[in-house]
Amino acid sequence: MAEIIPDDKQLQESQKHYSEVGMWQKIMKVAKKAGIKVVYLALILYYTATASTTPMKQKGIIYGALGYFILPFDLIPDAIPIVGYSDDLAALIACVGVVITCITPEIIQKAQDKLHDWFGDYDKKDIEGLVK
């Protein structure tokens, strides 16, 4: 399956749709359907954006990716089984690649702790290698 990564214009437009409340509502609504990888990356980016050490430019990039994730309408509709979240996953992966230097071990631990709260004992292999 080819990766579909939104371009800069799409991410800038999506940034307008980011809100903390919207992000948490979306995650709670779709956590099981979207899968642990999508949720994990969204959490990593959220915690990175809220860190005081993250520069504003990187926060803007993160909010664009999270805004795209929150949007109900995107390149591949989320309602399509199996592939519906592939564009969201691609956007989140691309964003992590751009802001990787801002992601600390503490952020990774917070995201993993939240995953455990929501998914219980999950297989760590499912998220291995997503954040390097």
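The values are calculated or read from the model by the stated rules, or taken from the named source; none is laboratory data. Computed from a predicted model, the values in this text were never measured in an experiment. With ideal geometry, Cβ positions are generated from the backbone for all residues, glycine too; neighbour counts draw on all protein chains shown.
So the values come out like this:
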quantity: Cβ pairs under 6 Å, 6+ apart, first in region 58-78 and modelled with pLDDT of 90 or more, second surrounded by fewer than 19 Cβ atoms within 10 Å (Cβ to Cβ) and hydrophobic (A, V, I, L, M, F, W, C); calculated: Ile61/Val98
quantity: Top-ranked residue in region 107-132 [being aliphatic (A, V, I, L, M) and part of a helix (DSSP H, G or I); ranked as nearest to Ala51 (Cα to Cα)]; calculated: Ile107
quantity: Qualifying positions in region 107-121 - of a type outside the set (Gly, Ala, Ser) and surrounded by 10 or more Cβ atoms within 10 Å (Cβ to Cβ); calculated: Ile107, Ile108, Gln109, Lys110, Gln112, Asp113, Lys114, Leu115, His116, Trp118, Phe119
